[in-house]
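Below is one structure; the comments refer to it alone.
The values are calculated or read from the model by the stated rules, or taken from the named source; none is laboratory data. Only a predicted model underlies this, so the values are computations on that prediction, with no experimental measurement involved. Don't worry about glycine lacking a Cβ; one is built from the backbone with ideal geometry, like all the others, and counts go over all protein chains shown.
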């Protein structure tokens, strides 16, 4: 599986992605508003291994697609994808980009490509994303792609770093709004 954009390739993670993957997944600044902590090398090896055998048709659990710079072959991030048996035509996504490559439009390009594929090839009805309200760069990615802020979830996320509860925004994009 591979999705190409003008600058990126979205593809399944591979064992040889380890160093690039660790570069951003072990960075506390990058992981600050994620629902997971920075990874150790051992956790990263295990995580990448757990992603083998993924399929866009898979229902249940999160899957990670690597975001690779097409011209350099460097992994600069990943996109999460989750579809559930309860609502397989609603896909949840997330995204993580290496700090050195943030602010260059890569997240918008990757999320847009993934949403487009979900709508066109997998007959997904709606794509949703949950974003920490303290991370405006992340919700601007969604807003550039015409996602609608559908809800403000009050104190719905416990942040271990700050030791307190924080709000999240729920965004959604319908298939008929895409394009």
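Computed values, structure above
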read-out	value
Total residues in the stretch 6-27, condition part of a helix (DSSP H, G or I) and without any contact (Cβ under 8 Å) to a residue 24 or more places away in the chain	3
Hits in the stretch 28-46 (condition: assigned to a helix (DSSP H, G or I) and buried (at least 17 other Cβ atoms within 10 Å of the Cβ))	30, 31, 44
Hits in the stretch 124-145 (condition: assigned to a strand (DSSP E or B), under 18 Å from residue 30 (Cβ atoms) and out of contact with any helix residue (DSSP H, G or I) (no Cβ under 9 Å at 6 or more places or on another chain))	130
Any pair with Cβ under 8 angstrom, 6 or more apart, that starts in the stretch 111-132 at a residue that is in contact (Cβ under 8 Å) with a residue 12 or more places away in the chain and at positive phi and ends at one that is outside any strand (DSSP E or B) and surrounded by fewer than 23 Cβ atoms within 10 Å (Cβ to Cβ)	123/89
Output for the stretch 65-88, where each listed residue is touching a strand residue (DSSP E or B) at 6+ places or on another chain (Cβ under 9 Å) and at pLDDT below 95	83, 84, 87
Test: residue in the stretch 146-167 that is in contact with a helix residue (DSSP H, G or I) (Cβ under 8 Å, 6 or more places away or on another chain), closer than 24 Å to residue 24 by Cβ and crowded, with 17+ Cβ neighbours inside 10 Å	no
Cβ-Cβ under 7 Å pairs, at least 6 apart or on other chains, the stretch 58-73 side more than 17 Å from residue 102 (Cα to Cα), far side at pLDDT below 95 and part of a strand (DSSP E or B)	59/83
Complete set of residues in the stretch 113-145 that are surrounded by 13 or more Cβ atoms within 10 Å (Cβ to Cβ) and over 16 Å from the mean Cα position of the chain (by Cα)	119, 122, 124, 125, 133, 134
